[in-house]
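Following: one structure in structure tokens, then a few remarks.
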Amino acid sequence: MSVLTKNLFTSESVSEGHPDKICDAVSDAILDECLRQDKNSRTAVECLVTRNKLVISGEITTKADVDYDLIARRVIKDIGYDDEKKGLDYKTVIIDKYITTQSPDIALGVDEKEDKELGAGDQGIMFGYATDETSNYMPLAISIAHKLVRYATNLRKSGEISFARPDMKSQVTIDYTSDKPTINAVVFSMQHDESVSIEELRQVVKDKVIIPVLESFDMPVSGKEEFYINPTGRFIIGGPSGDTGLTGRKLIVDTYGGYAPHGGGSFSGKDATKVDRSAAYMARYAAKNIVASKLAKKCLIQVSYAIGVSQPVSITVDTFNTETVSKEKILQLLLNEDIFDFTPAGIINNFRLKTPSFRYQDLSSYGHFGRPDLDLPFEKLDKVDLIKSLL
């Protein structure tokens, strides 16, 4: 059977050492520090990283005293960039800062007199998605792609793969032609030092990363899969020395791997009054609880806002003809504020998005949804019993 006659779908992920993810991590680490000192901080932080240079820019209104250089260097060090040969060095990187305060015109609509009057920080559309194809209600390809780079990064940091450098990428193709999805192809690129041959690297990545991860998804290697490991044969120059990084440029990696639409607004560096982030979390929460309640096998929710207005302009749902009750009933649940409160204040309070215990930086790599390694409030299935009782 040729590739063209197969039903294939592909998703990708990148490691925390990818240049774009360095920027996401620094942006979110600054947000975390602002909220730690002042829970009402308003931040919209963007970063750019290139050859041993980091630019931090954006709008921040806060009472916090933030040492931007210290935070950025700590993040870069923790990722593993401690030598310019790797693509960046936390000790010598030049950091430029262009920070202003939030526009007072935006604050007019966002500042609240009472919690319920908190307006959305911007207009926009956001999507949430869930599917019953995996235990964490995420699409299969993106789940495997995330685990591949996360698993490889852990082996790098533990020293088990000593030649690995921080920059990595994965790509997974799932074959949906038959009833049981199978692996069609895996692409994995690992930045490495000069000590390893391409033959050794490919064998190590296959044996220590790809096969264990696929087996953890109950997908043992059959020999029919195609593996492309460092397909160019060399990946020494990586990180910001190989590619410029920007905050918010891996939106599909951050969400559903292309299985669902994206409204275009990034997450990292933004506090929860920015509905680009918080409403996307809420839409995922609602979709996941609907699928877990067995009202549909797949659920896509779109929500939209007007700047300064607390109630959504619209909420729509698509269940792709997998629903077990009418879509009208599902929509009624979504519009019931006692079940799903889509106002910015409701989202912030429900998920406790201003508390120091919620660490945004943890989400800056390996996806914002379906994270088995994190206890996230918007991943909880605490509405299932209520939904079932109402139906």
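The values are calculated or read from the model by the stated rules, or taken from the named source; none is laboratory data. Computed from a predicted model, the values in this text were never measured in an experiment. Cβ atoms come from the backbone with ideal geometry, glycine included; neighbour counts cover every protein chain shown. Heavy atoms of the whole protein, side chains included, go into the accessibility calculation; ligands, DNA and RNA do not. Shrake-Rupley method; radii C 1.70, N 1.55, O 1.52, S 1.80 Å.
Being touching a residue at least 24 places away in the same chain (Cβ under 8 Å) and of a type outside the set (Val, Ile, Thr) is the filter here; which residues of segment 321-335 pass it?
GLU323, LYS329, LEU333, LEU334 - these are the residues of segment 321-335 that are touching a residue at least 24 places away in the same chain (Cβ under 8 Å) and of a type outside the set (Val, Ile, Thr).
Can you find even one residue in segment 326-337 that is modelled with pLDDT of 95 or more, among the polar types (S, T, N, Q) and open to solvent by 60 Å² or more (accessible area, probe 1.4 Å)?
Yes - at least one qualifying residue is present in segment 326-337.
Residues that are among the aromatic types (Phe, Trp, Tyr), in contact with a Leu (Cβ under 8 Å, 6 or more places away or on another chain), touching a residue at least 40 places away in the same chain (Cβ under 8 Å) and surrounded by 17 or more Cβ atoms within 10 Å (Cβ to Cβ): does segment 350-357 have at least one?
The answer is no, given that none of the residues of segment 350-357 is among the aromatic types (Phe, Trp, Tyr), in contact with a Leu (Cβ under 8 Å, 6 or more places away or on another chain), touching a residue at least 40 places away in the same chain (Cβ under 8 Å) and surrounded by 17 or more Cβ atoms within 10 Å (Cβ to Cβ).
Which of the residues belonging to segment 222-241 are surrounded by fewer than 16 Cβ atoms within 10 Å (Cβ to Cβ) and touching a helix residue (DSSP H, G or I) at 6+ places or on another chain (Cβ under 8 Å)?
Selection gives GLY233, ARG234.
Given the conditions (1) open to solvent by 40 Å² or more (accessible area, probe 1.4 Å); (2) in contact with a Ser or Thr (Cβ under 7 Å, 6 or more places away or on another chain), which single one is not true for VAL149?
Checking VAL149 against (1) open to solvent by 40 Å² or more (accessible area, probe 1.4 Å); (2) in contact with a Ser or Thr (Cβ under 7 Å, 6 or more places away or on another chain), the one that fails is (1).
Name the single residue that is least open to solvent (accessible area, probe 1.4 Å) among those in segment 364-391 being of a type in the set (D, E, K, R) and part of a helix (DSSP H, G or I).
Only one residue fits best here, namely GLU379.
Which fully enclosed strands (runs of 3 or more DSSP E) of segment 225-319 have 1 or more residues being under 21 Å from LEU386 (Cα atoms)?
298-305, 314-318
Determine which single condition MET219 fails, assuming it passes every other condition in (1) open to solvent by less than 80 Å² (accessible area, probe 1.4 Å); (2) outside any helix (DSSP H, G or I); (3) at pLDDT 95 or above; (4) under 20 Å from SER11 (Cβ atoms).
Only one criterion in (1) open to solvent by less than 80 Å² (accessible area, probe 1.4 Å); (2) outside any helix (DSSP H, G or I); (3) at pLDDT 95 or above; (4) under 20 Å from SER11 (Cβ atoms) is unmet by MET219, namely (3).
Kindly indicate whether SER268 is in contact (Cβ under 8 Å) with a residue 60 or more places away in the chain and touching a Cys at 6+ places or on another chain (Cβ under 9 Å).
The answer is yes for SER268.
When both residues are 6+ apart or on different chains and their Cβ atoms are under 6 Å apart, which pairs have a first residue that lies in segment 293-306 and is surrounded by fewer than 19 Cβ atoms within 10 Å (Cβ to Cβ), and a second that is assigned to a loop (DSSP other than H, G, I, E, B)?
Pairs that qualify, where the first residue is surrounded by fewer than 19 Cβ atoms within 10 Å (Cβ to Cβ) and the partner is assigned to a loop (DSSP other than H, G, I, E, B), are LYS297/ASP132; LYS297/THR322; SER304/VAL313; ALA306/GLN123; ALA306/VAL313.
Quick one: is MET168 at pLDDT 95 or above and in contact with a Ser or Thr (Cβ under 7 Å, 6 or more places away or on another chain)?
Yes; evaluated as a whole, the condition is true for this residue.
Of everything in segment 177-191 that's among the hydroxyl-bearing types (Ser, Thr, Tyr) and assigned to a loop (DSSP other than H, G, I, E, B), which residue is surrounded by the most Cβ atoms within 10 Å (Cβ to Cβ)?
The extreme case among them is THR177.
With the requirement that a residue be surrounded by fewer than 23 Cβ atoms within 10 Å (Cβ to Cβ), among the small types (Gly, Ala, Ser) and under 23 Å from ALA260 (Cβ atoms), what does segment 1-57 give you?
none
When you check ILE161 against the structure, is it touching a residue at least 12 places away in the same chain (Cβ under 8 Å), farther than 20 Å from ASP243 by Cβ and under 16 Å from the mean Cα position of the chain (by Cα), yes or no?
No.
Just to be sure I understand, how many residues within segment 193-212 are free of Cβ contacts under 8 Å to residues at least 60 places away in the same chain and open to solvent by less than 10 Å² (accessible area, probe 1.4 Å)?
Result for segment 193-212: 2.
Restrict the check to segment 135-153 and report whether at least one residue is farther than 27 Å from GLU379 by Cα and out of contact with any helix residue (DSSP H, G or I) (no Cβ under 8 Å at 6 or more places or on another chain).
no
Could you tell me how many of the residues in segment 64-93 are open to solvent by 80 Å² or more (accessible area, probe 1.4 Å) and either over 14 Å from VAL26 (Cα atoms) or assigned to a loop (DSSP other than H, G, I, E, B) (or both)?
The number of residues fulfilling the criteria is 5.
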